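Enquirer: Just dropping this structure here.
Read the figures in this text as sums done on the coordinates, not as results from a lab. All values reported here derive from a predicted model rather than from experimental measurement. Using ideal geometry, Cβ is built from the backbone for each residue, glycine included, and neighbour counts are taken over all protein chains shown.
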Amino acid sequence: MNADRVDDGAALADLSAGAVALYTLPSGERPLSAIPRAGFENLLVLSTSADLERLERAVAARGGDPAHVGVVPITGTTVDYDGPLWTTERANPSDLTGISIRFSEAFAHVRPGVGWVVVDNLGVLSMYVSEERLVRFVESITSATRERNAHCVLAATEGVLGERTLARLEGLTDRTVSAR
């Protein structure tokens, strides 16, 4: 499937505020196609890609206003973007403390009851940090979103995370949804 495919967001349309979903998807896809249109009104994406123009196009293709979308770029490469998405400074994928700081700063703009947080690729983070550190990081993200009564989507590429890691992450969520 095309990574920029557009659908109606039905996969996560019924995710309630304060709930967390683990969303598994095929390689190359991003989870924005599963977010309902209303989610684009107040969305924070922890993105493991430096290609923010592509993210902007994906938001626009779903009918969202990129100016309502915040991004924490998590990448080892320079981010060169000057567009309507609001962004934090780049964080290195091996620096979970730096990512957490950027998340906390941006999360202040996520509104209770309507805001959405998407971590677009846990598999990338798993290549840089231990399972234990990854799970603790995800615990902090899920705890913050639950406390704020925001929607949270944790995306994982199928087959990248080991069964044990996946099971531990599922234990932190309300449900698991597959893109297939």
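Enquirer: Using a 10 Å Cβ count of at most 15 others and DSSP loop calls, identify the longest part of the chain lacking such GluC sites (Glu not before Pro).
Expert: It works out to 1-88.
Enquirer: At 0.36 nm per residue, minus the direct Cα-Cα distance, what do residue 139 and residue 13 gain on full extension? Give it in nm, one decimal, please.
Expert: Result for the pair: 43.1 nm of gain on full extension.
Enquirer: In nm, give the distance between the simple-model label positions of residue 38 and residue 80, each being 7 Å from the Cα along the Cα-to-Cβ direction.
Expert: About 4.1 nm separates the two model spin labels.
Enquirer: Here is a further query. Run the numbers on segment 43-158 and let me know its relative contact order in percent, using alpha-carbon pairs under 8 Å that are six or more apart.
Expert: Answer for segment 43-158 is 27 percent.
Enquirer: Still on this model: Could you compute the FRET efficiency for residue 53 and residue 164, with r as their C-beta to C-beta distance and R0 at 41 Å, rounded to 0.05?
Expert: Using R0 = 41 Å, I get an efficiency of 0.65.
Enquirer: Mind checking the dipole of segment 20-178: about its Cα centre, +1 per Lys or Arg Cβ, -1 per Asp or Glu Cβ, Debye to the nearest 20?
Expert: 320 debye
Enquirer: Given (i) 20, 19, 17; (ii) 46, 20, 15; (iii) 25, 19, 17 as candidate values of semi-axes √(5λ) of the Cα gyration tensor in Å, which corresponds to the one derived from the coordinates?
Expert: (i)
Enquirer: Under a GNM of the chain (C-alpha, springs under 10 Å), which listed residue has the highest mean-square fluctuation: 72, 118, 138?
Expert: For the chain, modelled as a Gaussian network with Cα springs under 10 Å, the answer is 138.
Enquirer: If you average the alpha carbon positions of segment 9-36 and of segment 39-111, how far apart do those two centres end up, in angstrom?
Expert: 17 Å
Enquirer: Residue 60 to residue 176: extension gain in nm, 0.36 nm per residue of separation minus the Cα-Cα distance?
Expert: Taking residue 60 through residue 176 to full extension adds about 39.1 nm, to one decimal.
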